[in-house]
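Asker: Please see the structure below; I have some questions.
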Amino acid sequence: MSLLQSQPPEPPQVTRSLLDNAGVEVENVNQADLPALGIIATPTILVVNSKGVVIHQFVGRLSDREERRMTSLLYTSSGTGQR
């Protein structure tokens, strides 16, 4: 799994350290200009498949149901199939 964050809040190394400390495994932490990608609201979570195609988008605060759906998609997308 990879993570894309907006610029700022912090350098990718800081985000990587926070994720590592939380036990979240990601391959890459990258930064991007979100408006240039058409993302105009935060938080926005995009679930992207291995071909770079957005398969689901979550905008704003997640309901409990959306959070479960996102978690399920992330585990399925990462290929771990584990929780």
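Asker: Return the residue satisfying two criteria in turn: it lies in segment 48-60 and is at pLDDT below 85 and assigned to a loop (DSSP other than H, G, I, E, B), and of such residues it is nearest to Leu74 (Cα to Cα).
Answerer: So, considering only residues that are at pLDDT below 85 and assigned to a loop (DSSP other than H, G, I, E, B), the one nearest to Leu74 (Cα to Cα) is Asn49.
Asker: Which of the residues spanning segment 1-17 are hydrophobic (A, V, I, L, M, F, W, C) and modelled with pLDDT under 85?
Answerer: First, pick out the residues of segment 1-17 that are hydrophobic (A, V, I, L, M, F, W, C): 1, 3-4, 14.
Residues satisfying the conditions are Met1, Leu3, Leu4.
Asker: Could you say which residue among Ile45, Ile40 is modelled with pLDDT of 80 or more, among the hydrophobic types (A, V, I, L, M, F, W, C) and not in a loop (DSSP other than H, G, I, E, B)?
Answerer: Values: Ile40 fails: not in a loop (DSSP other than H, G, I, E, B).
Being modelled with pLDDT of 80 or more, among the hydrophobic types (A, V, I, L, M, F, W, C) and not in a loop (DSSP other than H, G, I, E, B) holds for just one of Ile45, Ile40, which is Ile45.
Asker: Which of the residues spanning segment 14-56 are of a type in the set (D, E, K, R), more than 13 Å from the chain's Cα centre (by Cα) and loosely packed, with under 10 Cβ neighbours inside 10 Å? I'd like the intermediate steps shown before the answer.
Answerer: First, pick out the residues of segment 14-56 that are of a type in the set (D, E, K, R): 16, 20, 25, 27, 33, 51.
If we keep only those that are more than 13 Å from the chain's Cα centre (by Cα) as well, we get 20, 33, 51.
Passing the criteria: Asp33, Lys51.
The values are calculated or read from the model by the stated rules, or taken from the named source; none is laboratory data. Note that the structure is a prediction, hence the values are computed from the model and not measured. Glycine also receives a Cβ, built like all others from the backbone with ideal geometry; neighbour counts cover every protein chain displayed.
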